[in-house]
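Take a look at the structure set out below.
The values are calculated or read from the model by the stated rules, or taken from the named source; none is laboratory data. Fair warning: this is a prediction, and the values are worked out from it, not measured in the lab. Cβ atoms come from the backbone with ideal geometry, glycine included; neighbour counts cover every protein chain shown. Side chains are part of the model used for accessible areas, which takes the heavy atoms of the whole protein and leaves out ligands, DNA and RNA. Shrake-Rupley method; radii C 1.70, N 1.55, O 1.52, S 1.80 Å.
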Amino acid sequence: MITTLADALAKQGYDTLTPVQEAVTDPDLDGRDLLVSAQTGSGKTVGFGLAIGPTILGDDGRFGPATTPLALVIAPTRELALQVKRELSWLYAGAGVTMASTVGGMDMRDERRALDRGAHIVVATPGRLKDHILRGSLDLSAIRAIVLDEADEMLDLGFREDLEFILGEAPADRRTLMFSATVPPMIAKLAKSYQTDSYRVTTVTKESQHADITYRALQVANHDVDNAIINALRFYDAPNAIVFANTRAMVTRLTTRLSNRGFACVALSGELSQQERSHALQAMRDGRARVCVATDVAARGIDLPNLELVIHAELPTNAEILLHRSGRTGRAGRKGISAMIVPPKMKRRAQNLLKWGKLNAEWAFPPNAEDILKADEERLMNDPVWTEDFTDVETTFAERLLEKHDAKQIAAAYLRLYQNRQSAPEHLSEVVDMPDRHEKPKREKAAFGPSKWFSVDVGREGKAEARWLLPMICKAGGITKNEIGAIRIQPHETFVEISEPAVAGFLRSIGSDMSLENQATLKALDGAPQISERRGPRPDKRDYQARDDRGPQKPRDDRGPRKPREDRRPRDTSPPPPSRQDDVPPIIPGAADDPKPRKPRHNKAEKRDHSGAVTAKRGFDKPKGDKKPYQGKGDDRPRGDGKPFKGKPGGKPGGKPFSKGKPGDKPGGKPGGKPRASASDTSKRFTPPGGKPGGRKGPGKGGNAPPKRQKH
């Protein structure tokens with residue numbers, strides 16, 4: 001191993017390497033492309049940092065001046081990219097590394113200035129990295145190694161095209177290392193396309209996956225989910241804990257609830273800016289916050305040093321997300337707890353997640369108030385403060401307390417003060433363990449008891465149905481449906497079973513005539529009827545006759561022509577009246593009997609005065625007999641008198657030829673006549689009364705001049 005990297009590991013406290021770190025640092029793999037799959041929390045970040053060391057460092061184990069980047073590390077999320085940058089910073093600190101990052105949410109101008117100053121290693125997210133390449137602010141010509149961290153997650157997030165573009169822009173002789181928790185077919189296809197003679201590294205530990213994580217499924221009532229989260233945080237009292245939710249709205253609600261209960265918590269979701277998300281993780285590392293409520297954006301690669309508890313407030317959608325969520329704890333040999341909050345409606349889903357993830361969980365109930373108080377007492381008794389040395393000031397104050405109060409009273413007061421600093425535990429409701437719906441036993445029907453049978457003279461042929469027979473019998477007999485047993489509908493009758501104790505009251509309510517609604521008759525039977533078990537198909541509506549007197553229907557072809565009904569008015573086949581009758585008003589039936597006779601409708605082609613007399617008719621309403629036949633418009637066609645037509649095409653047949661006239665002559669009028677001014681005629685300039693048409697001859701004249709007043 002390179003000396004500068006070995007010194008950095010020793011300074012950080014690394015005594016031994018993890019299996020994945022030992023596998024990728026094998027001298028036989030120097031210079032080769034790698035496809036590495038390892039479980040979360042196995043030290044993959046330090047592993048690929050050690051793997052690319054011989055490729056990017058000099059012979060003396062140090063970097064030269066920072067110019068164009070030598071290595072490129074791509075991560076799916078901003079938090080993971082910044083975490084990788086921190087890990088590689090201390091690993092290559094002794095080699096004189098200059099780091100740069102390009103992640104979404106940061107100021108792109110600052111990133112460009114950092115790239116212009118030069119960097120040895122660039123850590124980036126796919127989208128922002130592609131933007132820098134397209135803008136020309138990142139030069140990939142000197143890249144020697146490219147690392148894809150959590151490659152499967154990047155493909156799931158839709159970065160396939162971005163990755164293909166970036167790998168296509170990089171030099172062909174670079175090293176390509178892909179690290180992923182799993183190797184699905186998409187990762188294998190990508191590796192085959194952009195890696196050369198890659199070596200597959202699979203680290204399988206002797207113990208099962210997540211052996212340092214204890215899984216617990218806590219069953220709670222549907223309305224006690226928040227209370228169960230509070231009690232779990234109080235009972236385990238972890239230095240750092242993450243509460244996972246599926247939506248941003250749930251993250252906001254849980255953050256508010258826990259803050260109101262006295263927990264120092266922060267939120268982490270996609271709706272926050274990158275600066276807010278960085279501050280939240282830094283608060284968890286500094287100890288200013290102990291609980292982080294997050295979506296699955298924090299399920300990949302986030303490494304908090306003292307994270308001992310992961311709570312799934314909402315169950316994930318698949319087992320892979322469950323593994324990545326739980327993998328935030330139990331890292332690098334540390335122990336951790338992954339607790340799933342399971343209400344009754346989510347029990348089946350939790351069982352499937354554990355089965356698909358090949359995990360074994362302890363099914364239990366959340367800690368109650370007594371368990372939490374007992375755990376507080378044990379933590380107080382085992383607190384290391386009892387074995388520490390005290391200052392003179394503290395000893396002097398303790399003597400003053402002993403002079404004023406009894407030692408027992410001081411101890412009880414201290415216990416109360418200790419408990420008051422914590423959030424009070426919640427009281428949980430008793431959980432009713434609902435049986436699985438697939439294994440729910442069938443409910444056995446209780447025996448009806450002694451009964452008596454009756455017959456109703458309406459059956460299936462009479463459209464008898466239990467849905468209207470049951471309320472009819474209950475209403476007529478003064479009983480409820482509990483006193484009625486079986487109802488068996490036969491083709492022509494229906495058998496009804498009635499409880500023996502209710503028969504006497506039922507017969508009194510029915511009466512001696514034994515009649516029901518709709519002219520149905522009831523009849524008592526001596527014993528149980530013989531009910532036919534075979535039931536034919538229910539008759540269709542077409543099987544019922546609409547009228548009793550109608551015989552069998554014949555086909556349409558055999559019936560002959562359809563006869564008109566007697567009450568139907570015969571069709572009027574007389575010719576229609578003339579379209580226009582000028583002298584005779586239309587006859588209106590019943591007009592003589594009407595108090596206000598209606599006026600006949602006038603022809604729109606007529607002009608009438610106030611008395612209704614016709615004063616004039618429009619030209620197009622002239623009788624057809626008065627109109628001369630059309631003689632045509634050509635020169636070779638005769639007109640009405642037999643002489644050839646000499647007018648121009650478009651002229652009036654049989655009329656005088658058009659004269660040229662003066663400009664502005666009215667068509668059909670006298671030559672030289674003045675046109676009549678019209679304000680609605682937009683084809684010519686409108687000349688107001690008294691004005692003179694013509695062009696402008698000077699200011700104040702022409703068409704813009706005001707109209708002249710006429711002299712009176």
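Across the range 465-505, the mean sequence separation of Cα contacts (distance under 8 Å, 6 or more residues apart), normalised by length, yields a relative contact order of 32 percent. Using the Cβ-Cβ distance between residue 248 and residue 349 with R0 set to 22 Å, the FRET efficiency works out to roughly 0.55. Each residue of the range 505-521 is assigned a 3J(HN,Hα), and the resulting list reads x, 5, 5, 5, 6, 6, x, 6, 6, 6, 10, 10, 5, 6, 6, 8, 10 Hz, derived from the Karplus form 6.51 cos²θ - 1.76 cosθ + 1.60 (θ = phi - 60°), x at Gly and Pro. Rounded to 0.05, the FRET efficiency of the residue 363 and residue 513 pair, given R0 = 60 Å and the Cβ-Cβ distance, is 0.35. Between residue 264 and residue 525, the FRET efficiency estimated from the beta carbon spacing at R0 = 56 angstrom works out to 0.10. Annotation: peptides 481-493, 317-329, ranked by per-residue average of other Cβ atoms within 10 Å with the highest first, follow the order 317-329, 481-493.
Taken over the range 55-178, the alpha-carbon convex hull comes to 96 cubic angstrom per residue. Once both labels are positioned 7 Å from their Cα atoms along Cα-to-Cβ, the gap between residue 318 and residue 7 label points is 4.6 nm.
Expressed as a whole percent, the accessible surface of the range 49-105 that belongs to carbon and sulfur atoms is 50, based on a 1.4 Å probe. Across the cross-link table entries 374/408; 347/374; 335/358, which are compared at the Cα atoms, the separations over 21 Å belong to 347/374.
The share of accessible area on the range 219-279 that comes from carbon and sulfur is 52 percent, using a 1.4 angstrom probe. Need one word for the range 206-281: rounded, prolate or oblate. Basis is the Cα gyration tensor (sqrt eigenvalues a ≥ b ≥ c); a/c below 1.5 gives rounded, then a/b vs b/c decides. It is oblate, given that a/c is not under 1.5 and a/b is not larger than b/c.
Placing one equal scatterer on every Cα of the range 465-537 and applying the Debye formula, the log10 ratio I(q)/I(0) at q = 0.21, 0.22 Å⁻¹ is -1.00, -1.09. Length available on full extension from residue 374 to residue 14: 0.36 nm per residue minus the Cα-Cα distance, which gives 125.9 nm.
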